[in-house]
Each structure stands twice: as structure tokens, then as C-alpha cells.
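Here is the structure we will look at.
The values are calculated or read from the model by the stated rules, or taken from the named source; none is laboratory data. Just so it is clear, the model here is predicted, and its values are computed rather than measured. Here the Cβ positions follow ideal geometry from the backbone for every residue, glycine too, while neighbour counts run over all protein chains shown.
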């Protein structure tokens, strides 16, 4: 295992301390229990948006704390759910009278621990469950996994909360965005969880894992390595099957890298995905290309499509100032 | 070799087409001869900033074309200098009466080809040579190599040009920034050049390459893999030796990933670098952490320090709107 770290035990904390030092105008780091909160509190009455999950997906979620997106993020250990005391402490710290909306990726541990935090919290609260991964119909009875579409949910609901939407409206919007969003990924290599010290799964030099999860979970099928042009439809078809866009449908396309795939390749995939979607009558009007929801050092990428209407488009374009997404301010 | 591409021959073009499709408000792609220019021409009289070099360092340089930074970028094939006709065509397309400043990383091929373009160009022009890599005293008689500090030069000179500085002032500023900037990197793995199809160099599981270049060139020494805390001084000491900051000196710290190193590790390195610099009396007042000058799929990172004064700080904070750097607009 070749990684920049001092010890497996301290790496999450060491990295978050570095993150908070690099972005003092955006975030405050609270180590015990662990959460990151906006450095400048939101205005009174704003719905507080809180997300979290295992570490190893950076910039998700800490990189999206700031104006127009999250109020707090709760990072667990690598690929391990945060504990309820983290969400509870974060909620108590950032709740401003408008209640708390938890944005939770659909994994058993995350769901359970966010539920426990919600039960313990003595403020109005609601939850949006993100389950955008269409690679598998169902993950052990839990429904679909939450992957890179989480970034889109956090951005759009974050903009609505900033603009004054109340808790019920933010929750309803979140569910609408989840329903309009689908993702599918492919891995060229495994990731290596630091505590394990070896690749999570074995993948031959001539193989790739279609529909891989962001923790290196099994995908839809293991297939021979193919050209980019051959790979794109195998990601985009299941996404279109899930969303069934109408002809001329405006959409947001996110090409997300898993951590070890260079930008050059991500833009190449983006260009091919655009061509494919054009042919299917999907009108991509907004785009995001880069490493936004990663799986440690996995080589691979995912496509996420969110069907847009005028309201969602305005929310996407609204100002955002976080470490990983910034425009309009 | 596991990469997202259709063919080695078309990958640079395929990727740039995707890039231009993703950022139509920022760039126009001209394929033959190959350059990217601002989508919205700069105002008449502004000095035109043009950079370029081999591909494989994305987002450098195409990701820095836009308001407040470059007017055009000329990408060569992977790790191969662009040809003079590219720079010449780009210069003729974006020159607005203020002359052209070429920002050139110090490699023999780049220097020669930019010189030829400058000789052929019938407009006022000047060149800034970037040579910030302090790992080796000299590269085959060429002086130091240009690496991630190039981003800082492009940002600061870009801001000055946008604010109305003339050609001589932009050149002088560029040289001042180069003199105030030093970088050093370390590789944990080699990169794989697509046309070669195998790693550029062999590095054992327990080894790292200190002072590596951004094409996988030989560094200062090959040493046993060490902890992050041990690695940081081995990068930062040569940087401080080169710059000799005074006590309390304000500085910009860039922790740059080489392409396959996750953000989690880069922020960890940033935190340790900050601690080290604090102890040496360097006051880091601005930061940048991420993949800005990459070496294809190399795992590794570099530290870049630029000593700042009030004028440089204002130029850093000035609005920029490019694909890879954006703030204030």
C-alpha cells in the first residue's frame, strides 16, 4: 500500500485538520465528536442541511460545506458510517430555528445511525435518502445505493434552503431531485482501504467492473476491458432506462472520477457521453466533470444524469461557495 | 494499461472536444492547428497570455483559459511539445493590440517551439520562462524544470493583464513571480504514457522517487517509502533553501496532486506542510489543494511555495473564471 499518511488510526483526523486549515473562511472542524460546520453561521431560520458518511469519498461531504450547500458534514472512519453522536452534535451546533434536513446516502449503517440521531434530536427534522445507483436493482433488501448523485441533491436543496425554503419544502425538493437522478459507474482498478492494506477486490489487467459501488462493492458484471466508446452506453443505457427522459429533456450531466482517473480521461468520457445523450434526445444544459464522489484511489468513473426543469436549473445556477464547488460568489 | 480511451492516436483530441463541450461559456476549441481560446474575446488592448505544453498535465493549461488567466492554451500530444504553428495560430486569434506574453515551462522542446513561434509572430511579444522545480540544480544544462508553480504564474500575471498591465509590466511581473516560487514533488508510482502502454519507470512497493518531474523524470533520489510527516520536510526544505523567506513572510502554499492521489491524502500533506512552515516562520495566507499540474495517472504530489507581498496577494484574490480555478465571478 502506497499512500501519504502517518498512521491508519490518525489519517481521517489528520486529513480533516489539513482541510480545515486550508479553508478557514469556510469551515470549522470539531474533532470530538467529529463534524465540520460552516465557519460563518447561516441566518436565523434557515433549514440546516447536514450530510455525512464514511470517509474516503472526498470531496464528499466536507468539500460541500459552505454557502448554498451544507451546514455541516459528519465524516466517519474510512468507508465506515459516522456515529449518531456526530450527527447530533452537528445538528445542535448548526440548527438555526428552521429545523434540520439530513441528507443520507442509502447504506444500512448510515441510515441506522442518522435515524438514531434524528430520534435523539429535540428539533424539527426530516431526512432525504439518496439512492441514485441504478447498477443493481436492490442491495440486500436496502434498495439502491447512494453515489455521486448526492452532490446534485446537496447543491439543489442547499440553494433552496439558502433562498428560504422551509423544512417540508426542502425535503420534498430533495425527494424530487432523487427521483430525477440516476448514476452508474465502472471501475478499472480496485481501491485499497488503508486499514486493510491491500486491494478490496482483484481485477485482471484485461477486466473492468461495471456498476461498481463507491466502496468497491460488486457491480452488475465483470467484463473485458473495452474502449471508451463501448463503455459509455453500458453506463448511460441503464441511467436512461431508470429516468425515461422525454425527447428534448434538459438535463445535468456529471462525469465523476473515483479518485485515480485523470481529468484527461474524464473529459474524454464526458465528450462521448454527450454524443450518446444527444442521439437519445437528451439536451445536456449543465455539466460537471471531475472527482466529486471518490472511492479512495480507485481508477474509474461514473455518469450521473439529473433531469432538470426551470426551477432546478435556477437552483443549480444559484451561488455556491464551498471548497469543491464554487460559483457566483 | 487501463485507461478510458478509444485510441492512443485520438485521445488528446477526444478529450479536448469533451472539455470544450463541457465549458462552452469559457473556451472555443480549434483543432487544426490545435489550440483553445477564450470563448468571449478579451477587451481591445489587453495583453494576450498564451501558454501550452505537452498534454497529460490536465487541468494545465486548458483548464486555466478564461477571464483573469490565459487567453489561449496550446496542447501538444501527451508529454510532447506543441508545434510553433499552434502558438502562432493561437496568438493571431487572441492578440487584441496589447501584444502577446508566452508563459513557457522550461523544457527544451517547449522553449524551442515557443521561440520559433515568437520569431514568426508579427506582433509585439515577450516570454516568461517558468523554472520552479528545485529538486535538481540543473536539467541537462537547461536549468530547472517548470512544474506546478506555472499555475501561480498564470493566475497572477493573468490578473495583472486583466487589470490593464502592459506587455513589459506583465513580463516583469511573471519573472518576479518565478523568482518567488519554488516547487518539489515526490512520486509513489510511475505514470503510464498511453503510447508506451507501460509504466515510464519502475518503483518498488517500498520505494518512492523524491524530486520526480511531471513526466516521470528522475528526481533527486530514490528512497524508502516514509510516513507523510517524514516526507514533508524532504520536499519543503529544498523549497525554503531556494526561496530563503524572512521570518513572518506571507506565502501561498499549493499542494498539488499528480493525478492518482486522492484529495484525502493531499489535505493530509497540506496540514503537515502548514505545521512545518509555521515552525519555520512562514505565514501561509493563501492555499490551493488539488490536482492542478498532473502527470497522467502518477500517484504523488508536490509542494509549491510562492512568497507574497501586498501586490501579489491582491492579484491572487482578483476574480478568475476558468474551468479549474474560479472565484469572484
Number of positions in segment B:279-316 that are within 19 Å of the chain's Cα centre (by Cα) and either closer than 30 Å to residue A:297 by Cα or free of Cβ contacts under 8 Å to residues at least 24 places away in the same chain (or both): 21
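Can you name the residue in segment B:258-275 that is more than 8 Å from chain A (Cβ to nearest Cβ) and within 13 Å of residue A:21 (Cβ to Cβ) and is also surrounded by the fewest Cβ atoms within 10 Å (Cβ to Cβ) among such residues? Lay out the reasoning, then the answer.
First, pick out the residues of segment B:258-275 that are more than 8 Å from chain A (Cβ to nearest Cβ): B:258, B:273, B:275.
Next, only the ones that are within 13 Å of residue A:21 (Cβ to Cβ) stay: B:273, B:275.
Values: B:273: 29, B:275: 14.
So, considering only residues that are more than 8 Å from chain A (Cβ to nearest Cβ) and within 13 Å of residue A:21 (Cβ to Cβ), the one surrounded by the fewest Cβ atoms within 10 Å (Cβ to Cβ) is B:275.
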Complete set of residues in segment A:181-237 that are at pLDDT 95 or above and on the phi > 0 side of the Ramachandran plot: A:211
Selection status of residue B:156, more than 13 Å from the chain's Cα centre (by Cα) and touching a residue at least 12 places away in the same chain (Cβ under 8 Å): no
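Residue B:174 - would you say it is on the phi > 0 side of the Ramachandran plot and either without any contact (Cβ under 8 Å) to a residue 12 or more places away in the chain or in contact with a helix residue (DSSP H, G or I) (Cβ under 6 Å, 6 or more places away or on another chain) (or both)? Before the answer, list the steps.
Values: on the phi > 0 side of the Ramachandran plot: no; either without any contact (Cβ under 8 Å) to a residue 12 or more places away in the chain or in contact with a helix residue (DSSP H, G or I) (Cβ under 6 Å, 6 or more places away or on another chain) (or both): yes.
So residue B:174 does not fit the description; no.
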Members of segment A:193-211 found to be closer than 19 Å to residue A:230 by Cα and away from every other protein chain (no Cβ under 11 Å), listed by number: A:209, A:210, A:211
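Do we find that residue B:229 is within 11 Å of another protein chain (Cβ to nearest Cβ), touching a residue at least 60 places away in the same chain (Cβ under 8 Å) and closer than 17 Å to residue A:2 by Cα in this structure? Even if it seems obvious, please write down each step before you answer.
On the way: within 11 Å of another protein chain (Cβ to nearest Cβ): yes; touching a residue at least 60 places away in the same chain (Cβ under 8 Å): no; closer than 17 Å to residue A:2 by Cα: yes.
Against the criterion (within 11 Å of another protein chain (Cβ to nearest Cβ), touching a residue at least 60 places away in the same chain (Cβ under 8 Å) and closer than 17 Å to residue A:2 by Cα), residue B:229 does not qualify.
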Yes/no for residue B:252 being in contact with a strand residue (DSSP E or B) (Cβ under 7 Å, 6 or more places away or on another chain), within 12 Å of chain A (Cβ to nearest Cβ) and within 22 Å of residue A:324 (Cβ to Cβ): yes
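Only one of these is within 12 Å of chain B (Cβ to nearest Cβ) and touching a strand residue (DSSP E or B) at 6+ places or on another chain (Cβ under 7 Å): A:278, A:297. Name it.
Working: A:278 fails: touching a strand residue (DSSP E or B) at 6+ places or on another chain (Cβ under 7 Å).
Answer to the selection: A:297.
Rundown of residues vs (1) in contact with a helix residue (DSSP H, G or I) (Cβ under 6 Å, 6 or more places away or on another chain); (2) under 23 Å from residue A:252 (Cβ atoms), yes/no style:
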site: B:20; (1), (2): no, yes
site: B:23; (1), (2): no, yes
site: B:41; (1), (2): no, no
site: B:45; (1), (2): no, no
site: B:49; (1), (2): yes, no
site: B:68; (1), (2): yes, no
site: B:71; (1), (2): yes, no
Selected residue (criterion: farthest from residue A:95 (Cα to Cα)) from residues of segment A:2-36 that are more than 12 Å from every other protein chain (Cβ to nearest Cβ) and surrounded by fewer than 21 Cβ atoms within 10 Å (Cβ to Cβ): A:9
Condition check for residue A:219: out of contact with any helix residue (DSSP H, G or I) (no Cβ under 9 Å at 6 or more places or on another chain), away from chain B (no Cβ under 14 Å) and free of Cβ contacts under 8 Å to residues at least 40 places away in the same chain: no
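Return yes or no: is residue B:191 outside the structural domain of residue B:44 (by TED's automatic domain parsing), buried (at least 22 other Cβ atoms within 10 Å of the Cβ) and in contact (Cβ under 8 Å) with a residue 60 or more places away in the chain? Reasoning before the result, please.
Details: outside the structural domain of residue B:44 (by TED's automatic domain parsing): yes; buried (at least 22 other Cβ atoms within 10 Å of the Cβ): yes; in contact (Cβ under 8 Å) with a residue 60 or more places away in the chain: yes.
Taking the combined requirement at face value, the residue satisfies it.
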Options A:124, A:199: the member that is in contact with a strand residue (DSSP E or B) (Cβ under 9 Å, 6 or more places away or on another chain) and over 24 Å from residue A:295 (Cα atoms): A:124
Enumeration of residues in segment A:281-293 that are within 22 Å of residue A:325 (Cα to Cα) and either crowded, with 19+ Cβ neighbours inside 10 Å or more than 9 Å from chain B (Cβ to nearest Cβ) (or both): A:284, A:285, A:286, A:288, A:289, A:290, A:291, A:292, A:293
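Name the strands (runs of 3 or more DSSP E) wholly within segment B:215-326 that hold at least 2 residues that are within 30 Å of residue A:286 (Cβ to Cβ)? Quick ask: steps written out before the conclusion?
Numbers: elements: B:221-224, B:250-257, B:283-290, B:300-307.
Answer list for segment B:215-326: B:250-257, B:283-290.
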Yes/no for residue B:206 being closer than 17 Å to residue A:6 by Cα, more than 22 Å from the chain's Cα centre (by Cα) and either in contact (Cβ under 8 Å) with a residue 40 or more places away in the chain or not assigned by TED's automatic domain parsing to the domain that holds residue B:105 (or both): yes
Cβ-Cβ under 8 Å pairs, at least 6 apart or on other chains, segment A:43-61 side facing chain B (nearest Cβ under 9 Å), far side assigned to a strand (DSSP E or B) and surrounded by 24 or more Cβ atoms within 10 Å (Cβ to Cβ): A:55/A:75
Lone qualifier among B:146, B:174 - being assigned to a loop (DSSP other than H, G, I, E, B), within 24 Å of residue B:38 (Cβ to Cβ) and modelled with pLDDT of 95 or more: B:146
Some residue of segment B:238-247 being at pLDDT 95 or above and within 12 Å of chain A (Cβ to nearest Cβ): no
Candidates B:120, B:129 - the one that is in contact (Cβ under 8 Å) with a residue 12 or more places away in the chain and over 16 Å from the mean Cα position of the chain (by Cα): B:120
Positions within segment B:84-108 being in contact (Cβ under 8 Å) with a residue 40 or more places away in the chain and surrounded by fewer than 19 Cβ atoms within 10 Å (Cβ to Cβ), in sequence order: B:85, B:93, B:96, B:97
Residues of segment A:87-120 satisfying the condition of being closer than 22 Å to residue A:9 by Cα and touching a helix residue (DSSP H, G or I) at 6+ places or on another chain (Cβ under 8 Å): A:87, A:113
